[in-house]
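The values are calculated or read from the model by the stated rules, or taken from the named source; none is laboratory data. Just so we're clear, the structure is a prediction, and the values are computed from it rather than from any experiment. All Cβ positions, glycine included, derive from the backbone under ideal geometry; neighbour counts span all protein chains shown. The area values use the complete protein model at the heavy-atom level, side chains included, leaving out ligands, DNA and RNA. Shrake-Rupley method; radii C 1.70, N 1.55, O 1.52, S 1.80 Å.
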Amino acid sequence: MPPRHFRSIRDLSAEELDGLLDSALAIKRDGCGPELAGQVLALVFEKPSLRTRLAFEVAMYRLGGRAVYLGPHEVGAGSREPVRDIARVASRMAHGIAVRTFAHETVEEFAEWASVPVINGLSEAEHPCQALADLLTLRERFGSLHGVRLAYLGEGNNVARALAMASVLAGIDFRCASPEGYGLSEGDLDVARASGGPGRVTQTDDPREALRDASAVYTDVWASMGEEHTLEGRIESFAPFRLDADLLAAAPADALVMHDLPAHRGEEITDEVIESSRSVVFDQAENRVHTQQAVLLSLLG
Ligand code: CP
Ligand code: NVA
């Protein structure tokens, strides 16, 4: 039987998403035993990482196994050797492969050739592990995700796309506010809605409209890894979407502040807002390890 992968939020049903969040909450509360004793997770990363790498390494350690980090200089996916060879070699030695890639097609290629589960630790298209941690954070704060109103400011990027899909599955009202030309595409919205989940997803170019009634306000960098050279040309369009005290005042006074990190203070978010008592960014970061433990248990356990 081919292994199950976690390439995208699309790999989950609403019930599976809910089950992963239940499992992550239980792990956070009660800890877990060495259920993956003797197992190895290979981390094949084309880009830098703090949270994703550390969360996978800590998660495997807590589950009794271990992770082996293989950065761009060791592996050279596509240059030193083809992805299909890396996937087959790693499958002979490791029990799972977590990948962080530029092109999303690379994640798909790993999944096609690996005989062990492949987990997307961020691609240009999606950041599904981040979305799980974000939903866990919201669930902790609001009890239920049904009816939570999540406003996202900035590019309709990998983080926004995964959040949009996860929101629809979980019953969240997700509003993405982006400068014209930088939002989620109609195709992205269709894919998110196609899961048939109870949530909603909308795209606007008016940040204040998105923030009205918001339970939480989320933002991410204006130029993702690999796109840094485009930042200069974006600043003027993105400036009205900067999450500063003035823009945050358009949201209810108890709306939470979220960011996947790393943050560029002074660009997409001000120091004052990210350091405020409404900010849950370090809960989001911590929840990466609990949710990734849940994912590893479900795929490798
Ligand atoms: N949020 C996140 O994925 O962080 P890293 O890029 O540091 O892994
Ligand atoms: N959108 C960002 C997320 C980093 C965790 C990036 O891709 O660089």
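From the list Leu184, Leu189, which one is at negative phi, open to solvent by less than 20 Å² (accessible area, probe 1.4 Å), touching a residue at least 24 places away in the same chain (Cβ under 8 Å) and assigned to a loop (DSSP other than H, G, I, E, B)?
Leu184
If a residue has to be touching an Asp or Glu at 6+ places or on another chain (Cβ under 7 Å) and part of a loop (DSSP other than H, G, I, E, B) to count, how many in the range 82-101 make the cut?
Adding up the residues that qualify gives 1.
Please verify whether the range 241-251 includes one or more residues that are without any contact (Cβ under 8 Å) to a residue 12 or more places away in the chain, charged (D, E, K, R) and open to solvent by 60 Å² or more (accessible area, probe 1.4 Å).
Yes, there is a match, as at least one residue in the range 241-251 is without any contact (Cβ under 8 Å) to a residue 12 or more places away in the chain, charged (D, E, K, R) and open to solvent by 60 Å² or more (accessible area, probe 1.4 Å).
Any residue in the range 293-301 that is modelled with pLDDT of 95 or more, touching a Pro at 6+ places or on another chain (Cβ under 7 Å) and either of a type in the set (Asp, Glu) or outside any loop (DSSP other than H, G, I, E, B) (or both)?
Scanning the range 293-301 turns up at least one residue that is modelled with pLDDT of 95 or more, touching a Pro at 6+ places or on another chain (Cβ under 7 Å) and either of a type in the set (Asp, Glu) or outside any loop (DSSP other than H, G, I, E, B) (or both).
May I ask you to verify whether Val116 is in contact (Cβ under 8 Å) with a residue 60 or more places away in the chain and under 21 Å from Arg4 (Cβ atoms)?
For Val116, the condition - in contact (Cβ under 8 Å) with a residue 60 or more places away in the chain and under 21 Å from Arg4 (Cβ atoms) - is met.
I'm checking my understanding of the structure. Among residues of the range 102-118 that are touching a Lys or Arg at 6+ places or on another chain (Cβ under 8 Å) and outside any helix (DSSP H, G or I), which one is farthest from ligand 2 (Cβ to nearest atom)?
Per the stated criteria, the residue is Ser115.
Hey, any hits in the range 52-61 for a residue that's within 21 Å of Met225 (Cα to Cα), more than 16 Å from ligand 1 (Cβ to nearest atom) and not in a loop (DSSP other than H, G, I, E, B)?
There is no residue in the range 52-61 that is within 21 Å of Met225 (Cα to Cα), more than 16 Å from ligand 1 (Cβ to nearest atom) and not in a loop (DSSP other than H, G, I, E, B).
Any residue at all in the range 135-149 that is on the phi > 0 side of the Ramachandran plot, touching a residue at least 40 places away in the same chain (Cβ under 8 Å) and either open to solvent by less than 10 Å² (accessible area, probe 1.4 Å) or not in a loop (DSSP other than H, G, I, E, B) (or both)?
No: zero hits.
For the range 192-210, does any single residue satisfy the condition of being within 16 Å of ligand 1 (Cβ to nearest atom) and surrounded by fewer than 24 Cβ atoms within 10 Å (Cβ to Cβ)?
no
Regarding Ala131, is this residue within 25 Å of Ala59 (Cα to Cα) and either of a type in the set (D, E, K, R) or touching a residue at least 60 places away in the same chain (Cβ under 8 Å) (or both)?
For Ala131, the condition - within 25 Å of Ala59 (Cα to Cα) and either of a type in the set (D, E, K, R) or touching a residue at least 60 places away in the same chain (Cβ under 8 Å) (or both) - is met.
Among the residues of the range 228-240 satisfying the criterion of being over 28 Å from Ser277 (Cα atoms) and free of Cβ contacts under 8 Å to residues at least 40 places away in the same chain, which is farthest from ligand 1 (Cβ to nearest atom)?
Out of the qualifying residues, it is Glu236.
Of the residues that sit in the range 211-227 and are over 17 Å from Ile269 (Cβ atoms) and within 16 Å of ligand 1 (Cβ to nearest atom), which one is surrounded by the most Cβ atoms within 10 Å (Cβ to Cβ)?
Within the range 211-227, the match that is surrounded by the most Cβ atoms within 10 Å (Cβ to Cβ) is Met225.
Keeping to the range 34-56, report how many residues are over 18 Å from Ala133 (Cβ atoms), open to solvent by 30 Å² or more (accessible area, probe 1.4 Å) and of a type outside the set (Asp, Glu).
Qualifying residue count for the region: 6.
Does any residue of the range 63-71 turn out to be more than 16 Å from ligand 2 (Cβ to nearest atom), touching an Asp or Glu at 6+ places or on another chain (Cβ under 6 Å) and not basic (Lys, Arg)?
Checked the range 63-71: at least one residue is more than 16 Å from ligand 2 (Cβ to nearest atom), touching an Asp or Glu at 6+ places or on another chain (Cβ under 6 Å) and not basic (Lys, Arg).
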